[in-house]
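Input: one structure, supplied below.
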Amino acid sequence: MKLFVGLGNPGGKYAGHRHNIGFMAVDHIAADHGFGPWKSKFQGQIAEGRLGGEKTLLLKPETFMNRSGQSVGEAMRFYKLDSTDVTVFHDELDLAPGKVRVKAGGGHAGHNGLRSIHDHIGAAYDRVRLGIGHPGRKELVSGYVLHDFAKADEAWLDDVLRGVSDGAALLADGDSGKFMNAVALRTTPPRSSKTRPAKPAPEAAPAQPETAAEDTRSPMQKLMDRFR
């Protein structure tokens, strides 16, 4: 069994925030892959279904971001899962908007939701880092993540969420490479490979008339050659 966790803050006023892109990701997965209805459990909202060959539980902690680990730890213990069965979808300031990366284990890089999960289940879980960009200065970060995505972000955000959902079954089966390919097909689709018309061959230069070789024979020689 796999546990896919989307990070965010509960409540309508937070729903469109950059910090809630993790919630948005698992919502798309649930809708696209026929998961059951969301139910309240483990201090969060859960939905059950299958991704590829794996039974999968989607979880949106409702403990608020800074205490996400409480909900994740409770669900993991109930199902007797290992931390390596857990994948967390979260916003990433250090990636440009629209960029997605998969990471196994590692530090929390100051992300409060990850910090809390570290405290409850350790660091050996997978993450899907969903780039939202950085506002430029540290003091602007809080207001930036706790603010709705801009209108201009809608196109790339939709592509990212669709791509993550497209590749979710591959991710559950442990193939992060193919998952990333599925995301890339949405976020950076291949250019159309239209065949360019062949360049016309350069026109041949017009043939120049051959210049007759100068006849140096004597009149007698010319007469004799006529009757040979």
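Relative to the Cα centre, what is the charge dipole magnitude of the range 1-56, using +1 at the beta carbon of each Lys and Arg, -1 at the beta carbon of each Asp and Glu, and rounding to the nearest 20 debye? Before the final figure, lay out each step's value.
On the way: 7 positive and 4 negative charges, 31 e Å.
Dipole size: approximately 140 debye.
By the scheme Lys and Arg +1, Asp and Glu -1, what is the net charge of all other residues having a beta-carbon under 12 Å from that of residue 18? Please list the in-between numbers first.
Numbers: positive: none; negative: 91, 92, 148, 153.
Net of charged neighbours comes to -4.
What does the charge dipole of the range 47-154 about its Cα centre add up to, to the nearest 20 debye, if the Cβ of each Lys and Arg holds +1 and the Cβ of each Asp and Glu holds -1? Let's see the in-between values first.
Details: 15 positive and 15 negative charges, 34 e Å.
Here the range 47-154 has a charge dipole of around 160 debye.
Dimensions of the range 1-153 along principal axes (Cα, Å, largest first)?
Largest first, the range 1-153 extends 42, 30, 26 Å along its Cα principal axes.
Still on this structure: What net charge do the residues around residue 131 carry, taking every other residue with its C-beta under 9 Å from that of residue 131, with Lys and Arg at +1 and Asp and Glu at -1? All intermediate terms of the calculation are to be shown ahead of the outcome.
On the way: positive: 99, 101, 129; negative: 91, 92, 94.
Here the count lands on 0.
Tell me the per residue accessible area of the range 14-157 using a 1.4 Å probe; a whole number in Å² is fine.
Details: 6720 Å² over 144 residues.
That works out to 47 Å² for each residue.
The values are calculated or read from the model by the stated rules, or taken from the named source; none is laboratory data. Source: prediction; values computed, not measured. A quick note on method: Cβ atoms are made from the backbone with ideal geometry, for glycine too, and the neighbour counts reach across all protein chains shown. Protein only, heavy atoms only, side chains kept; ligands, DNA and RNA dropped before computing areas. Shrake-Rupley method; radii C 1.70, N 1.55, O 1.52, S 1.80 Å.
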